[in-house]
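Asks: If you scroll down you'll find the structure; I have some questions about it.
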Amino acid sequence: MTFDASTLVYDAKGLIPCIAQAEGTDEVLMVAWMNQEAVERTLQTRRVTYWSRSRQSFWIKGESSGHTQELVDLRVDCDRDCLLAVVRQEGPACHTNRRSCFYTSVMDGEEKELMQPLKLAKAYKAEQ
């Protein structure tokens, strides 16, 4: 069956959430937003492309930092209103230089930091 990005369920702003998951480990790396064109660009180029809500522009993950996401598989959930991008992540996924954006645990009313920023040869500015 041929995929058509227009059949996805977008919110009132024309966006759909996309969860990035690491190939092989299934680690959840981050969540960002895509519009229809970002979905199409991602599938065409295999470079994960998001829609930046703050900048109102396309954001190719790793374009400025070098911490790229190569698309391995794009999955659609049962309601067609959320995407899962299985990616080959190069470097940290989070703009805080952590492997994952989900580095804070909340248990019993307390927050606990689960991972420290990676030590990198060069720092990068936030891409979002």
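Bear in mind that the values in this text are calculations on the coordinates, not laboratory data. This is a predicted model, so every value here is computed, not measured. All Cβ positions, even for glycine, are placed from backbone atoms using ideal geometry, and neighbour counts span all protein chains on display.
Asks: Assign one of three labels to segment 5-92, namely rounded, prolate or oblate, based on the Cα gyration tensor with a ≥ b ≥ c the square roots of its eigenvalues; rounded applies when a/c is under 1.5, prolate when it is not and a/b is larger than b/c, and oblate otherwise.
Replies: Oblate is the answer for segment 5-92, as a/c is 1.5 or above yet b/c matches or exceeds a/b.
Asks: Ok, one more. Ordered by residue, what ³J(HN,Hα) values in Hz, to whole numbers, does segment 61-78 give under the Karplus form 6.51 cos²θ - 1.76 cosθ + 1.60, where θ = phi - 60° and Gly and Pro are x?
Replies: 4, x, 4, 9, 8, x, 8, 7, 10, 8, 5, 9, 7, 10, 10, 10, 6, 4
Asks: Considering all alpha-carbon pairs of segment 47-128, what whole percent are spaced by more than 15 angstrom?
Replies: The calculated P(r) of segment 47-128 puts 66 percent of pairs beyond 15 Å.
Asks: Ignoring the sites themselves, what is the longest stretch of the chain with no GluC sites (Glu not before Pro) in a DSSP loop and at most 16 other beta-carbon atoms within 10 Å?
Replies: Between the exposed loop sites, the longest stretch runs 91-128.
Asks: Another question, then. What whole number of Å gives the distance from the Cα centroid of segment 68-88 to the Cα centroid of segment 10-42?
Replies: 6 Å
Asks: Could you state the angle between the C-alpha long axis of helix 36-45 and the longest principal axis of the C-alpha atoms of the chain, as a value from 0 to 90 degrees rounded to the nearest 10?
Replies: Tilt of helix 36-45: around 80 degrees.
Asks: Once you wrap a convex hull around the alpha carbon atoms of segment 69-110, what is its projected area averaged over all directions, in nm²?
Replies: The directionally averaged projection comes out at 4.7 nm².
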